[in-house]
Amino acid sequence: MDSAEKILNLVIIGSGPAGCTAAIYASRAGLSPVLVAGPDAGGQLVTTPEIANWPGEADEPSGFELMDKLQKHAKKLGTEFISDKVVKASLKTDPKELTLGSGRVLKARSVIIATGAKARYLGLESERAYKGKGVSACATCDGFFYRGKDVAVAGGGSAAFVEALFLCRICRKVYLIHRRDGFRAEKALIERFKDEVKAGKAELVTPAVISEVKGDGQKVTGVHLEFKDGSARDLEVSGIFVAIGHDPETALFKDEIETDEQGYIAIGHGAETATSVPGVFAAGDCADRVYRQAITSAGQGCKAALDAEHYLS
């Protein structure tokens, strides 16, 4: 019988570290989970050039390699992967109903939401005008097009430093622009970037705010910066990579489950990963506004699968 015609035990929405780990644990528990991979199979992690802090992976695999392993593991244990996205969710019904882009409807006794988050941009009109023409939120996706050129990275967290360090390998010079003097990034990343500064491959520009993205109508040519002391500076760059955080991918569920003011799914309703709706659980960046690490997402995916198993029993 096709899975659209029967009531499933568990549907997992999302294929990043949280979703795949949930699938692994749910499969081992005999729940026969179905995982809806979403538009970007593997989640945000597939765009990370190297991962140096995943336990046991001292060779620093790329995010793509790591997620490929997790997906293959889940499939080997019996998880059914669907290459589609959920476009409508009715979570308060029994069973829950998830409508896919293809029109197929999945009915399930329990659901784990692991939809992750999407890149946040600066919100400038000039930035919107040059998206895809020099403005990007993914250095590993688009950095290749800026080999030997000068580029800028906006942000001060670990993600910004990872992007900047990757670009230092292929670009002529990388400017890291941050609105504060302090950084939220891992100390090791900051020190590595400072080595690039000493080598003349990079420059820290703080405390500065990008007030305008400049271009010739076809491509980015620079940025206009404003400093706290009232001064300003123009930088000539061919590309701008925005790494200022992410927003949870939860708009689809806002009328179905409780979220906070930023859209993160509220969990802890009884079980640690339980949402406000019985039988619906959440894991990873869609519910984590504090840690947002691949390994913490994976751990939360494990918890969500265990919570779902307990709920179904």
Practice task
Scan segment 68-101 residue by residue and report those that are more than 24 Å from the chain's Cα centre (by Cα) and hydroxyl-bearing (Ser, Thr, Tyr).
Solution key: Ser90, Thr93
Completion exercise
When restricted to Leu31, Leu98, the only residue in a loop (DSSP other than H, G, I, E, B), farther than 19 Å from Asp285 by Cβ and in contact with a strand residue (DSSP E or B) (Cβ under 6 Å, 6 or more places away or on another chain) is Leu31
Exercise for the section: Select from segment 245-262 the residues that are modelled with pLDDT of 95 or more and of a type outside the set (D, E, K, R) and write down the one among them that is surrounded by the fewest Cβ atoms within 10 Å (Cβ to Cβ). Expected result: Ala251
Exercise for the section: Return the pairs, sorted by first residue and then second, in which the second residue is aromatic (Phe, Trp, Tyr) and surrounded by 15 or more Cβ atoms within 10 Å (Cβ to Cβ), the first residue lies in segment 215-227 and is assigned by TED's automatic domain parsing to the domain that holds Val205 and under 14 Å from Gly132 (Cα atoms), the beta carbons are less than 6 Å apart, and the residues are 6+ apart or on different chains. Expected result: Gly215/Tyr130; Val220/Tyr130
Problem - Restricting segment 43-82 to residues that are of a type in the set (Gly, Ala, Ser) and assigned to a helix (DSSP H, G or I), the residue that is nearest to Ile112 (Cα to Cα) - result: Ala74
Handout entry: The listed residue being assigned to a helix (DSSP H, G or I), touching a Phe, Trp or Tyr at 6+ places or on another chain (Cβ under 9 Å) and closer than 23 Å to Thr47 by Cβ, out of Asp285, Asp307
Key = Asp285
Exercise for the section: Evaluate the following for Lys72: is it among the basic types (Lys, Arg), in contact (Cβ under 8 Å) with a residue 40 or more places away in the chain and out of contact with any helix residue (DSSP H, G or I) (no Cβ under 6 Å at 6 or more places or on another chain)? Expected result: no
Fill in the blank from the handout: Among strands (runs of 3 or more DSSP E) entirely inside segment 197-236, those with 1 or more residues being under 28 Å from the mean Cα position of the chain (by Cα), modelled with pLDDT of 95 or more and β-branched (Val, Ile, Thr) are 202-205, 208-215, 220-227
Exercise for the section: Would you point out which residue out of Thr115, Thr99 is of a type in the set (Ser, Thr, Tyr), in contact (Cβ under 8 Å) with a residue 12 or more places away in the chain and touching a Cys at 6+ places or on another chain (Cβ under 6 Å)? Expected result: Thr115
Handout entry: Looking only at segment 133-150, and only at residues there that are under 19 Å from the mean Cα position of the chain (by Cα) and among the small types (Gly, Ala, Ser), the one that is farthest from Gly43 (Cα to Cα)
Key = Gly143
Fill in the blank from the handout: Quick count over segment 182-196, residues being assigned to a loop (DSSP other than H, G, I, E, B) and of a type outside the set (Gly, Ala, Ser), is 3
Handout entry: Ser297 being farther than 24 Å from Ile24 by Cα and touching a helix residue (DSSP H, G or I) at 6+ places or on another chain (Cβ under 6 Å)
Key = no
Practice task
Give segment 125-141 a look and list any residue that's crowded, with 18+ Cβ neighbours inside 10 Å and either of a type in the set (D, E, K, R) or part of a strand (DSSP E or B) (or both), or say none.
Solution key: Glu127, Val135, Ser136
Handout entry: Condition met for Ile267 (part of a loop (DSSP other than H, G, I, E, B), within 21 Å of the chain's Cα centre (by Cα) and of a type outside the set (Gly, Ala, Ser))
Key = yes
Completion exercise
Leu122 passes all but one of the listed conditions (1) in a strand (DSSP E or B); (2) under 21 Å from the mean Cα position of the chain (by Cα); (3) modelled with pLDDT of 95 or more; the exception is number (1)
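The values are calculated or read from the model by the stated rules, or taken from the named source; none is laboratory data. None of the values given here were measured: they were computed from a predicted structure. Positions of Cβ are generated from backbone atoms using ideal geometry, with glycine treated the same way; all protein chains shown enter the neighbour counts.
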